[in-house]
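A short write-up of the structure that comes next.
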Amino acid sequence: MNKERNSNGMSRRQFLQTSAEFAASAMFLSLGSAQSFAAPNTSTRENSIPLVTLNNALQMPRLGLGTMTLNGDVGERCVADAISMGYRLIDTAMIYGNEASVGAGIKQSGIKREELFITSKLWKADMGYEQAKKGFQTSINKLGTDYLDLYLIHRPAGDVKGSWKAMEELYHEGRIKAIGVSNFEPAQLDDLIANGGVKPAIHQIETHAFFQEGKSLEYLKQHGVQMEAWAPFAEGRHGLFTNATLATIGKKYNKTIAQVSLRWHYQRGIIAIPRSSQKAHIAENLNIFDFSLEGSDMASISTLDLNTTQFPEWS
Ligand SMILES: NC(=O)c1ccc[n+]([C@@H]2O[C@H](COP(=O)([O-])OP(=O)(O)OC[C@H]3O[C@@H](n4cnc5c(N)ncnc54)[C@H](OP(=O)(O)O)[C@@H]3O)[C@@H](O)[C@H]2O)c1
């Protein structure tokens, strides 16, 4: 319990060594000034987001803000609020139609670009070598940046190899710091790893208590690809926010179901990008680094797995 709180003053390496639950190498977010990470009435340490080192040595925050459906002024406000609280990883995509709002929120935050970790995604309609380059350029123009930290193939459709080649070139030019995929089947990922020059750094897939993707997690670990969870709350489907098992565990630690869920992802070594339109929820979702779920709690949550998507409409 309370490893981070008790580790005040520890070096990053000491912290890493004492945090046995970390599945991947991690360290506290060290980008930017300490002041910029302090949320009101809380210490900097409580709101520091640990980093994971990707297979190309890039460091990525292990918790971020998802932005799907956060459009217009709402998107701008949520991104600015999240960054002011200490979030540094922001996940968007061309198809969300909110890259300009995300960019405006980033600008409003006043935080330097290099302190942030911005992800966007190449949509199906932009697959192929030429289109992927154009798609990337359109995304960064809307975001108001000249590079992305992470660019993902959103779905394995159309000309994956041509798109990957374009992304590899942008990566080698330093215009994307890491490239990866989303929603790939294992065979499609195998194919990319076998034929591509740059190994995907990230695989972003649906993962939550009701679809735990344990086999994918093992597979990705074996291949040195970091797993990232989309819909870490299953968007509340299947009654996640009223689930009795998660509620009971939450009571034990004085944490909410959302916080238990995010801590569970974190202890599995999975990056999570919860989305919220509410400032209080955005703050709540950040407050997961001052407690640890015991092994028995992790085991209880593992029994919730239905081993099936909660988003059949997207399959
Ligand atoms: N690669 C892909 O194909 C793909 C697919 C889907 C999503 N994504 C990414 O993953 C992100 C997250 O997934 P998602 O947006 O689908 O769903 P999600 O994060 O699982 O759930 C979002 C829902 O949870 C609620 N919520 C958030 N925090 C809460 C809290 N503390 N207490 C109670 N309710 C809370 C939100 O409502 P409030 O707004 O009221 O807080 C919202 O209705 C997306 O935004 C997007 O960036 C990627």
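If I compute solvent accessible area with a 1.4 Å probe over the protein chains, what percent of it on the stretch 149-224 is carbon and sulfur?
49 percent
Solvent-accessible area per residue for the stretch 116-226 at a 1.4 Å probe radius, Å²?
Result: 39 Å² per residue.
Taking R0 as 22 Å, what's the FRET efficiency between D305 and A244 from their Cβ-Cβ distance, rounded to 0.05?
0.90
Could you pull out every residue, at least 5 positions away or on a different chain, whose amide H is within less than 5 Å of the one on L122? Hs are placed 1.01 Å off N in the peptide plane, and Pro or chain starts have none.
For L122, the qualifying residues are L152, I153, H154.
Given a Förster distance of 25 Å, report the FRET efficiency between V74 and E114 from their Cβ-Cβ distance, rounded to the nearest 0.05.
0.40
Which peptide among 84-92, 287-295 comes first, and what is the full order, when sorted by highest mean count of other Cβ atoms within 10 Å?
My ranking of the peptides, most packed first, is 84-92, 287-295.
Mind ranking 303-309, 258-264, 154-160, 247-253 by how tightly packed they are, going by the mean number of other C-beta atoms within 10 angstrom, highest first?
Ranked by mean Cβ neighbours within 10 Å, highest first: 258-264, 154-160, 247-253, 303-309.
Please compute the modelled spin-label separation between M298 and K134, points set 7 Å along Cα→Cβ, answer in nm with one decimal.
Here the modelled spin labels are 4.8 nm apart.
Sticking with the crude label model, points 7 Å out along Cα→Cβ, report the distance from N254 to A157 in nm, one decimal please.
Between N254 and A157, the label points sit 4.8 nm apart.
On a full-extension model of 0.36 nm per residue, what is the gain between I193 and A280, subtracting their alpha-carbon distance, rounded to one decimal in nm?
27.2 nm
The values are calculated or read from the model by the stated rules, or taken from the named source; none is laboratory data. The structure presented is a predicted model; accordingly, all values stated were derived computationally and were not measured. No Cβ is skipped: glycine too gets one built from the backbone with ideal geometry, and neighbour counts run over all protein chains shown. Heavy atoms of the whole protein, side chains included, go into the accessibility calculation; ligands, DNA and RNA do not. Shrake-Rupley method; radii C 1.70, N 1.55, O 1.52, S 1.80 Å.
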